[in-house]
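Have a look at the structure below before the remarks.
Computed from the coordinates by the stated procedures, all read-outs in this text should not be read as laboratory data. Bear in mind that the values here come from a model prediction, so they are computed numbers and not experimental data. Methodologically, a virtual Cβ is constructed for each residue, glycine included, from the backbone with ideal geometry; neighbour enumeration extends over all protein chains shown.
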Amino acid sequence: MKNIQMFLMLFMCLAGCQKNIQQKQKKQQEQVAQKVEIDPLQETIARLSDIPDVPMSTTMQKIEQSDRDLNQVQIFCDVGSVGWKELCDYYENEMERLGWSLQGRCDLQVGLIVFVKPSGSLCVISMRSQKGMVITLLKKKD
């Protein structure tokens, strides 16, 4: 009889502990869900994962995103002492590595390089002054 009573007490204790553990896990999951608020800038940067980083001596000044279409992004950079030819060589190599194909290049006063991806995304890199570069990315909607 004592064995049965001990077994019942042990069973009740374990059942109570299991319920307490489940409540704690649920509370932790709710807290994590509340903390996970995605920063819009971080989300935008994540969307840019299929274009290369700016070259080392280039500094990113700002990123702008269309309010109407999150797939339209512009990156404004200060190129410092990097020349247009070096930028073109860098982006031609890196974009090809990431699956983009060169569609055209213009080496006039406003330098332009145009890339497309098989998915239909378009990337235009332009150098409008000695120090300024703009990367415009238009991703095709999925």
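A compact table of results
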{"item": "Qualifying residues in the stretch 112-132 (those that are of a type in the set (G, A, S) and under 23 Å from S57 (Cβ atoms)) - the one surrounded by the most Cβ atoms within 10 Å (Cβ to Cβ)", "result": "S126"}
{"item": "Count - residues of the stretch 85-111 that are surrounded by 16 or more Cβ atoms within 10 Å (Cβ to Cβ) and under 26 Å from the mean Cα position of the chain (by Cα)", "result": "7"}
{"item": "Residue list for the stretch 89-111, restricted to those being more than 17 Å from T58 (Cβ to Cβ) and part of a strand (DSSP E or B)", "result": "S101, L102, Q103, G104, R105, C106, D107"}
{"item": "Criterion violated by S81 - all others in (1) under 22 Å from L108 (Cβ atoms); (2) surrounded by 14 or more Cβ atoms within 10 Å (Cβ to Cβ); (3) polar (S, T, N, Q) satisfied", "result": "(2)"}
